[in-house]
Amino acid sequence: MEVIIYPTYDEISKAAAAVVAETVNNKPNAVLGLATGSTPLGLYKELIRMHREEGLDFSHVTTFNLDEYVGLSPDHDQSYHYFMDENFFKHVNVPPENVHVPSGTTQNYRAFCEWYEDRIDECGGIDVQVLGIGSDGHIAFNEPGSSLGSRTRIKTLAKQTIEDNARFFESKEDVPIYAITMGVGTILEADKLLLLANGANKAAAIGAAVEGPVSVACTASALQLHPDSVIMIDQKAAENLKMREYYEWIQANKPGAPNTS
Ligand code: F6R
């Protein structure tokens, strides 16, 4: 687990975009795992800029999103389909047939979840998975108590998450109670995990995820089990980290690429 603390949100976004761009440049048919929420907005903005100004090409890329609210159709302005179209897909050249976002309106959730898992496998697995973190430590919508081996399924949202996400809806009552989400086990199979967080309201969750025990109480702590997970955070989100100085020391003394081979 690599913890990198940046001075600003903008720098987190640019660093995360550089990792995604490198993945796509090295493997034009890369499979990207994507997240919604406010955290990755800067990353998408930077990727769109790179596409427009530097020719970053997504024409062979496939994407899988982490989750979707149950009951919201793709044209609902709070659905994650809509979010992804508005904030990323309509500005870049990922072929629409390569885009996968879980369905919030399928007639058979069990069958859909199995299909989603199979589809990830058919596409060769996820090369890099972008993650945010909930203030209760969730990744995707794997709320506290979710099995660390869980697969794509329906999940009941925690009260805390409903409260956190009420800011996007007219009222708390409008926030859906269920979501369809990749499981923790599904996420852990990605080759690389990139978890982004900023702001003081994420400090407790980041502390538990990075330095707490691996536990269903904070599903992001499962990243400790992954051989290539990178945690990109700002100073405020780093406030609860006991080994903060050590993470900063590691970054300051990181060997340069030419000397590592
Ligand atoms: C969204 C997702 C969620 C968010 C988390 C943080 O696809 O998977 O786990 O990443 O709720 O949301 P923000 O970024 O809005 O604080």
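The values are calculated or read from the model by the stated rules, or taken from the named source; none is laboratory data. The model shown is predicted, which means the values in this text are computed figures rather than measured ones. With ideal geometry, Cβ positions are generated from the backbone for all residues, glycine too; neighbour counts draw on all protein chains shown. Just so you know, the surface numbers come from the protein's heavy atoms only, side chains and all, with ligands and any DNA or RNA stripped out. Shrake-Rupley method; radii C 1.70, N 1.55, O 1.52, S 1.80 Å.
Using only the Cα atoms of segment 1-94, what do you get for the radius of gyration and for Dmax, in Å?
Gyration radius and largest Cα-Cα distance of segment 1-94: 13.7, 39 Å.
From the Cα trace of segment 22-72, what convex hull volume per residue do you get, rounded to a whole Å³?
Details: hull volume 4.9 nm³, N = 51.
Taking only Cα atoms, segment 22-72 has a hull volume of 96 Å³ per residue.
Hey, with R₀ at 22 Å, roughly what FRET efficiency would GLU245 and ALA217 work out to, going by the Cβ-Cβ distance, to 0.05? The partial results should precede the final answer.
Details: r = 26 Å, r/R0 = 1.18.
Efficiency for this residue pair is about 0.25.
For segment 42-127, what are the per-bin percents of Cα-Cα distances with bins 5 Å wide, up to the bin holding the maximum?
Result returned by the calculation: 3, 14, 22, 23, 19, 13, 5, 2, 0.
What part of the accessible area of segment 1-76, given as a whole %, is carbon or sulfur when the probe is 1.4 angstrom?
Values: 1570 of 3110 Å².
Its accessible area is 50 percent carbon and sulfur atoms.
For the chain, compute Rg over Rh where Rg is the Cα radius of gyration and Rh is the Kirkwood radius from the inverse mean 1/r over Cα pairs. Intermediate results must be reported in sequence, preceding the final value.
On the way: Rg = 17.5 Å, Rh = 18.6 Å.
Answer for the chain: 0.94.
Could you check what % of the DSSP bridge pairs in segment 136-242 are antiparallel, to the nearest 5? Intermediate values should be presented prior to the final figure.
Working: 6 of 11 bridges.
Taking every DSSP beta bridge with both residues in segment 136-242, the antiparallel ones total about 55 percent.
Please compute one quarter of the surface area of the Cα convex hull for segment 176-261 and express it in square nanometres.
Working: hull surface 29.5 nm².
Projected over every direction and averaged, the Cα hull of segment 176-261 covers 7.4 nm².
Over 18 Å apart: what share of the alpha carbon pairs of segment 88-148 falls there, rounded to a whole percent?
Values: 1021 of 1830 pairs.
Across segment 88-148, Cα pairs with separations above 18 Å total 56 percent.
Between GLY33 and residues 5 or more places away or on another chain, which pairs have amide H atoms under 5 Å apart, with H built 1.01 Å from N, and which residues are they?
The list, which skips near neighbours in sequence, is PHE64, ASP127, VAL128, GLN129, VAL130.
Would you mind getting the accessible area per residue of segment 160-226, heavy atoms of the protein chains only, 1.4 Å probe, in Å²? Could the numbers behind the result be given before it?
Details: 2660 Å² over 67 residues.
Accessible area per residue, segment 160-226: 40 Å².
Taking 1 over the mean of 1/r across every pair of different Cα atoms in segment 104-251, what Kirkwood radius in Å do you get?
Numbers: mean 1/r = 0.0621 Å⁻¹.
Radius from the Kirkwood sum: 16.1 Å.
Net charge near HIS226, counting Lys/Arg +1 and Asp/Glu -1 over other residues with Cβ under 14 Å of its Cβ?
Numbers: positive: LYS192; negative: GLU2, ASP127, GLU189, ASP191, ASP228.
For residues surrounding HIS226, the net value is -4.
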